[in-house]
Amino acid sequence: MGLHKFGWIIKNSFFKVFNQNIKLKERASREDLKQLRSEMVYAEMGHIIGFTFIIIIILIKLWSALYMSALIMLVFNVIFNLYPVLLQQHNKKRIDTILKQ
């Protein structure tokens, strides 16, 4: 699944209520964009920390020969931690191009 589809799912499902700080107004000023970008950095760091922590748990499960459990955790870890990081990086690049203009 691509980032655009994932972004659409986030915007049009119950996931949109999780982080209300990352929301763009229709007429956002430069300061609004800078604040939004900094909020995205904090959210991205949280997802990276969560991703790393779950990867450690997955490695422990693999070492214990719990392969199916490790695979399920890996899939959910990618969906709930890696995809949001990639989506936030993509959106930060878009904000940076707007701020450069």
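The values are calculated or read from the model by the stated rules, or taken from the named source; none is laboratory data. Since this is a predicted model, take the numbers as computed values, not measurements. Because the Cβ atoms are built from the backbone with ideal geometry, glycine has one as well, and the counts that use them run over all protein chains shown. Please note that ligands, DNA and RNA were not included when accessible areas were found on the heavy atoms of the full protein model with its side chains. Shrake-Rupley method; radii C 1.70, N 1.55, O 1.52, S 1.80 Å.
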Looking across the range 65-101 at residues that are aromatic (F, W, Y) and at pLDDT 90 or above, the single one that is farthest from K5 (Cα to Cα) is Y67
By residue number, the members of the range 48-64 that are open to solvent by 50 Å² or more (accessible area, probe 1.4 Å) and touching a residue at least 24 places away in the same chain (Cβ under 8 Å) are I48, F51
